Amino acid sequence: MMENRVLFGDIIWSLDRNTLSEHSSSFLVIENGAVEGVYESLPERFKSFPLDDWSGKIIIPGMCDLHVHAPQYQFRGLWMDMELLDWLNGHTFPEESRYRDLSYADEAYGIFTHDLLHSPTTRVCAFATLHTEASLLLMNKLEEAGLSGYVGKVSMDRNCPDILRETTEQSVEGNLEFLNRSAGFENMRPIITPRFIPSCSDDLMRALGRISVERHLPVQSHLSENPSEIAWVQELVPESSSYADAYRMFGMMGEEKTIMAHCVYSYERELELLQNPNVFVAHCPDSNSNIYSGIARVTALMDAGVKVGLGSDVAAGEEISLFAAITNAVKVSKLAHRISHPEDRMLTFREAFFLATRGGGEFFGPVGAFDKGYEADAVVLDDSSFRTTLRDRLTLSERLEQYAYVKGRDNVCAKYVKGKRLVL
Ligand code: GUN
Ligand code: FE
């Protein structure tokens with residue numbers, strides 16, 4: 001059933017990168033699951049819609065996490081003193097191999113789904129593992145929780161421990177089975193997920209590229225995260241002119257909608273391939289800091305017309321709440337400006353909030369804003385217990401900024417996806 005309802009509260013969203021639309025004590029009208037409008041007084045014709053009264057609370061669009069590893073959630077906050085390739089081999093691959101055990105996957109994905117449900121995120125692009133059954137289990141849990149987005153069965157057939165490796169044929173067959181069995185989901189969809197070039201043979205990459213293009217399926221992967229990784233890719237695919245060019249050679253660089261996580265070193269090497277309108281960069285500042293990959297030149301990429309959203313990149317990032325990614329994106333951009341790239345602008349809070357909502361939301365369609373016609377994903381934040389003498393003098397956007405920095409890891413008090421209220 002398509003949802004009709006009205007939310008009352010202090011409503012705020014991004015109109016564009018630099019502009020927040022702020023409406024205190026206003027009505028958000030949702031008709032057939034989409035935003036009908038925001039009003040200071042409720043028009044007569046909507047008075048029959050059910051009203052959820054969130055007086056004094058902040059209502060924002062649901063956030064869009066463009067890059068998260070569901071099977072890594074259990075070890076968030078651990079093993080943060082290693083670089084990417086050692087971290088993958090030493091901890092990540094062994095832990096991911098445990099998801100062949102469905103009862104382990106059931107418990108772990110239950111915890112992940114519960115916490116994601118209570119975070120400000122409504123849309124996700126998630127990596128699972130290479131295990132088809134466990135990937136379907138994750139998709140099912142996210143769908144049942146009422147969340148929306150994509151899950152990828154991870155593809156990897158080389159440079160990984162035997163216990164976490166498929167043959168090329170097994171990987172292709174597993175992908176086809178995953179696609180067939182995920183066809184019946186309503187809000188969750190499959191996404192083609194080569195882990196990264198080092199994990200996938202040329203044959204597997206070619207096969208995945210073909211499946212994506214033939215079935216019009218989006219792609220997610222990692223790109224130019226770490227200097228050792230980039231050098232390795234150049235050895236593995238010597239005929240490519242850049243890491244992004246290697247994805248292009250295999251038909252997975254914007255032929256269909258594509259998310260590339262990190263792109264820390266992309267501005268200098270492969271900007272043109274990122275300027276493809278089908279390509280979205282998932283900027284993951286927590287991950288880039290924790291496994292010291294570097295600082296993505298996010299304002300330079302944005303100013304060059306590249307589409308950018310935010311990713312938690314759990315568990316290289318420790319926080320499921322995108323408020324962490326928002327505030328850390330601002331912080332690392334200031335460090336980059338001071339230390340390495342004075343020519344790059346710092347990122348403002350407004351821009352970072354835009355990236356977490358409307359910027360990343362574009363990957364999913366008309367998502368991440370309260371413009372008329374947008375899919376009605378909304379999150380209600382309770383900042384009433386936050387003690388400050390300034391409270392009555394703050395604008396709504398200042399309240400939101402302070403909440404983001406100080407309280408943004410707290411649970412949300414209500415959440416809607418396409419107008420439907422989720423059971424928290
Ligand atoms: N590159 C390949 N796999 C991974 C992963 O699991 N996390 C991160 N941050 N980078 C990767
Ligand atoms: Fe990642």
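Here are a few things to note about the model shown:
- Of all residues making up the stretch 58-113, the number that are under 22 Å from the mean Cα position of the chain (by Cα), away from ligand 2 (no atom under 15 Å from the Cβ), within 25 Å of residue 140 (Cβ to Cβ) and part of a loop (DSSP other than H, G, I, E, B): 1
- Among the residues of this structure, residue 408 counts as one that is buried (at least 20 other Cβ atoms within 10 Å of the Cβ), out of contact with any His (no Cβ under 8 Å at 6 or more places or on another chain) and at pLDDT below 95.
- Verdict on residue 187 being closer than 22 Å to residue 379 by Cβ and of a type in the set (S, T, N, Q): yes
- Residue match in the stretch 370-386 (condition: farther than 29 Å from residue 91 by Cα, of a type in the set (A, V, I, L, M) and touching a helix residue (DSSP H, G or I) at 6+ places or on another chain (Cβ under 9 Å)): yes
- Check on residue 371, modelled with pLDDT under 95 and over 20 Å from the mean Cα position of the chain (by Cα): no
- Evaluation of residue 208 against the conditions (1) buried (at least 23 other Cβ atoms within 10 Å of the Cβ); (2) in contact with a helix residue (DSSP H, G or I) (Cβ under 6 Å, 6 or more places away or on another chain) shows that the sole unmet condition is (2).
- Close contacts from the stretch 192-209, counting a first residue that is within 14 Å of residue 152 (Cβ to Cβ) and a second that is within 15 Å of ligand 2 (Cβ to nearest atom) and part of a helix (DSSP H, G or I), with Cβ to Cβ under 8 Å and a gap of 6+ residues or different chains, come to 196/229.
- Residue match in the stretch 331-346 (condition: within 16 Å of ligand 2 (Cβ to nearest atom) and aliphatic (A, V, I, L, M)): no
- Residue that is of a type outside the set (S, T, N, Q), in contact with a Phe, Trp or Tyr (Cβ under 9 Å, 6 or more places away or on another chain), closer than 21 Å to residue 233 by Cα and in contact (Cβ under 8 Å) with a residue 12 or more places away in the chain, where the choices are 269, 358: 269
- Qualifying position, being over 26 Å from the mean Cα position of the chain (by Cα) and small (Gly, Ala, Ser), among 21, 48: 48
- Subset tally (residues that are over 22 Å from residue 18 (Cα atoms) and either in contact (Cβ under 8 Å) with a residue 40 or more places away in the chain or in a strand (DSSP E or B) (or both)) for the stretch 382-406: 3
- Of all residues making up the stretch 273-289, the number that are within 24 Å of residue 335 (Cα to Cα), in a strand (DSSP E or B) and either at pLDDT below 95 or more than 15 Å from ligand 2 (Cβ to nearest atom) (or both): 0
- The stretch 290-328: number of residues that are part of a helix (DSSP H, G or I) and under 14 Å from the mean Cα position of the chain (by Cα): 5
- Residue 137, sole failed condition from (1) touching a Phe, Trp or Tyr at 6+ places or on another chain (Cβ under 8 Å); (2) surrounded by 22 or more Cβ atoms within 10 Å (Cβ to Cβ); (3) assigned to a helix (DSSP H, G or I): (2)
The values are calculated or read from the model by the stated rules, or taken from the named source; none is laboratory data. Just so it is clear, the structure is predicted and the values come from calculations on it, not from any experiment. Don't worry about glycine lacking a Cβ; one is built from the backbone with ideal geometry, like all the others, and counts go over all protein chains shown.
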